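To start, the structure itself, in structure tokens.
The values are calculated or read from the model by the stated rules, or taken from the named source; none is laboratory data. Quick caveat, the model's predicted, so the values are computed rather than measured. Here Cβ is always computed from backbone atoms with ideal geometry, including for glycine, and neighbour counts include all displayed protein chains. For accessibility, only protein heavy atoms count, side chains too; no ligands or nucleic acids. Shrake-Rupley method; radii C 1.70, N 1.55, O 1.52, S 1.80 Å.
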Amino acid sequence: MIKSILKISIIILLCFVSFFAKAQIGFDYAQYDVGFAAGINQASSTDVQTLKTTPSINLNFTYNQGPFVNYVFNVEVGRLKGGSPATSTQRQFENHFSAYSFRVQVQAGELIDYSRSAVANAFKNLYLSSGLGYINNNVVYRTQDALLLEQGLELPYERKTNEIFIPLRLGYEFKLFNSYNQPAVKIDLGYQYNFIMGDNLDAYVAGAHNDAYSQVTLGFKFAIGGVTSYRKQIHY
């Protein structure tokens, strides 16, 4: 009798566990991601007259508060260039920089009901992100202003400087799901504009505005653990 009751209890327990596991398919996600990205940059707001495109790479670590609310820490190295000898000032510079930033990222899926619309489901991975960063400038090349040289004047500059910046990012995260419908790999495509809290990015402290640079990046993120559940189904 006891054996029969025990067997029935085990069967009921297994059925319950099986049902609960099935009910959670599509609701689970990993809390931690690691990734890398490559980008192209432009010193889009500086004191030179010609823009040039340069590369950068970054490594990132993400804590996912939810599948659509993410805290992202980036470490980045790259180059920024601008200017031309064909311009009136003949200003030119090259900056080999490293940057560190922390961003809060909110995806549309956190704010909208995407369960009843194919269009909303497609837009759920669109995100906005902003935070705070710190950039180390290392200007390896810089020319004097030709117009000022004609007047016997020179613009002083520092080759190595440090500045705070504010990143503002718009992007889309393509999620690839594993057999449990958990987002296991993410492809991140984004445009980021970095507002520098200073004027040393190009080593020309001139003009009435601070410097800035823009980026387009393509990256890959990989879930590494801390699986937990979300309040609604992620995969449709």
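Residue-wise test of (1) on the phi < 0 side of the Ramachandran plot; (2) open to solvent by 10 Å² or more (accessible area, probe 1.4 Å); (3) not charged (D, E, K, R).
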{"residue": "M197", "(1), (2), (3)": "yes, yes, yes"}
{"residue": "Y213", "(1), (2), (3)": "yes, no, yes"}
{"residue": "G219", "(1), (2), (3)": "yes, no, yes"}
{"residue": "F222", "(1), (2), (3)": "yes, yes, yes"}
{"residue": "G225", "(1), (2), (3)": "no, yes, yes"}
{"residue": "S229", "(1), (2), (3)": "yes, yes, yes"}
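Taken over the range 196-236, residues that are part of a strand (DSSP E or B) and closer than 30 Å to Q31 by Cβ amount to 15.
The rows are residues; the columns are (1) under 26 Å from the mean Cα position of the chain (by Cα); (2) in contact (Cβ under 8 Å) with a residue 40 or more places away in the chain.
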| position | (1), (2) |
| --- | --- |
| T143 | no, yes |
| Q151 | no, no |
| K160 | yes, no |
| L170 | yes, yes |
| F177 | yes, yes |
| Q182 | yes, yes |
| F195 | yes, no |
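Report yes if K175 is closer than 21 Å to E110 by Cβ, basic (K, R) and modelled with pLDDT of 95 or more, otherwise no. Yes, satisfied. Contact map, the range 69-89: first residue among the aromatic types (F, W, Y), second residue at pLDDT 95 or above, Cβ cut-off under 7 Å, separation 6 or more or different chains; pairs are Y71/T62; Y71/Y63; Y71/Q65; Y71/V104; F73/N60; F73/F61; F73/F102. For the range 110-123, the criterion of being open to solvent by less than 40 Å² (accessible area, probe 1.4 Å) and in contact with a strand residue (DSSP E or B) (Cβ under 6 Å, 6 or more places away or on another chain) is met by none of the residues.
Cβ-Cβ contacts under 7 Å between residues 6 or more apart (or on different chains), taken from a first residue in the range 91-118 that is part of a helix (DSSP H, G or I) to a second residue that is open to solvent by 50 Å² or more (accessible area, probe 1.4 Å), are listed as A108/F123; A108/L126. Each residue in the range 47-64 was checked for being part of a strand (DSSP E or B) and surrounded by 14 or more Cβ atoms within 10 Å (Cβ to Cβ), and 10 pass.
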